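A.B. asks: Structure provided below as structure tokens; questions to follow.
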């Protein structure tokens, strides 16, 4: 099955700065990547989906990029706030045409006031 | 709230007990899933149901037994579990079993096996 890696277990940043989280994948480029937010003791909540042919996607203060050359997706939160503190998960299809998702371990973001 | 409700939120059970986890969605979704989330590990897909038919069983031990009586409800029956089965069990649903479909997760059941 295709792998997906979020190399940073944790990331601390100062309030107001831009947080950048990284998701790397192996083998062929997936048709899309999804990003989720998970708060402690709760289920993940869908944030954004970016397709293979989209370089960038935005939603309010969130921006996701998809670089098929680097086999990487970057997730940015601009003007970060303490309320953005959570674990962020990226996910890819398990295989070509698959509806099943393979998730990364997540990156725990802490925004320090 | 995502529209997916799981009960109970917390469960402590002995290795010889039998218990069930319940999941309910009223989003009109056709697909439902059980995931297991252990500490320091990624989410693991356990079972998939589409229109009440089980379509995937990802090598899950038989001590976990799913049931989907209708498209709105999903159960996970537990019996003779091991301490390593302690984890957060998440239910999710999606409109269909198609690529590009986002998943809606419940709050999870925190299971502790003693």
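The values are calculated or read from the model by the stated rules, or taken from the named source; none is laboratory data. Source: prediction; values computed, not measured. No Cβ is skipped: glycine too gets one built from the backbone with ideal geometry, and neighbour counts run over all protein chains shown.
A.B. asks: Quick check on region A:30-45: of everything there that is at pLDDT below 95 and surrounded by fewer than 16 Cβ atoms within 10 Å (Cβ to Cβ), which residue is farthest from the other protein chains (Cβ to nearest Cβ)?
C.D. replies: Only one residue fits best here, namely A:40.
A.B. asks: Considering only residues that are more than 16 Å from residue B:36 (Cα to Cα) and more than 7 Å from chain A (Cβ to nearest Cβ), which ones fall in region B:80-114?
C.D. replies: B:80, B:94, B:95, B:96, B:114, listed by residue number.
A.B. asks: Might you let me know whether region B:7-26 holds any residue that is at pLDDT 95 or above and under 16 Å from residue A:45 (Cα atoms)?
C.D. replies: yes
A.B. asks: How many of the residues making up region A:46-70 are more than 24 Å from residue B:98 (Cβ to Cβ) and at pLDDT below 95?
C.D. replies: 3
A.B. asks: How many residues are buried (at least 21 other Cβ atoms within 10 Å of the Cβ) and within 10 Å of the chain's Cα centre (by Cα) if we restrict to region B:1-35?
C.D. replies: Looking only at that region, the number is 7.
A.B. asks: Residues that are farther than 30 Å from residue B:58 by Cα: find the strands (runs of 3 or more DSSP E) completely inside region A:1-83 holding 1 or more of those.
C.D. replies: Where strands (runs of 3 or more DSSP E) fall fully within region A:1-83 and carry at least 1 residues being farther than 30 Å from residue B:58 by Cα, they are A:10-14, A:19-25, A:56-59, A:62-67, A:72-77.
A.B. asks: Can you tell me how many residues in region A:84-94 are within 13 Å of chain B (Cβ to nearest Cβ) and either under 13 Å from residue B:58 (Cβ atoms) or assigned to a helix (DSSP H, G or I) (or both)?
C.D. replies: 1
A.B. asks: So for region B:50-59 (the condition being at pLDDT 90 or above and not in a helix (DSSP H, G or I)), does at least one residue qualify?
C.D. replies: First pass over region B:50-59, keeping only residues at pLDDT 90 or above: none.
No: region B:50-59 contains no residue that is at pLDDT 90 or above and not in a helix (DSSP H, G or I).
A.B. asks: Could you list all residues from region B:1-27 that are free of Cβ contacts under 8 Å to residues at least 40 places away in the same chain and either away from chain A (no Cβ under 14 Å) or over 27 Å from residue A:6 (Cβ atoms) (or both)?
C.D. replies: None - no residue of region B:1-27 is free of Cβ contacts under 8 Å to residues at least 40 places away in the same chain and either away from chain A (no Cβ under 14 Å) or over 27 Å from residue A:6 (Cβ atoms) (or both), so the list stays empty.
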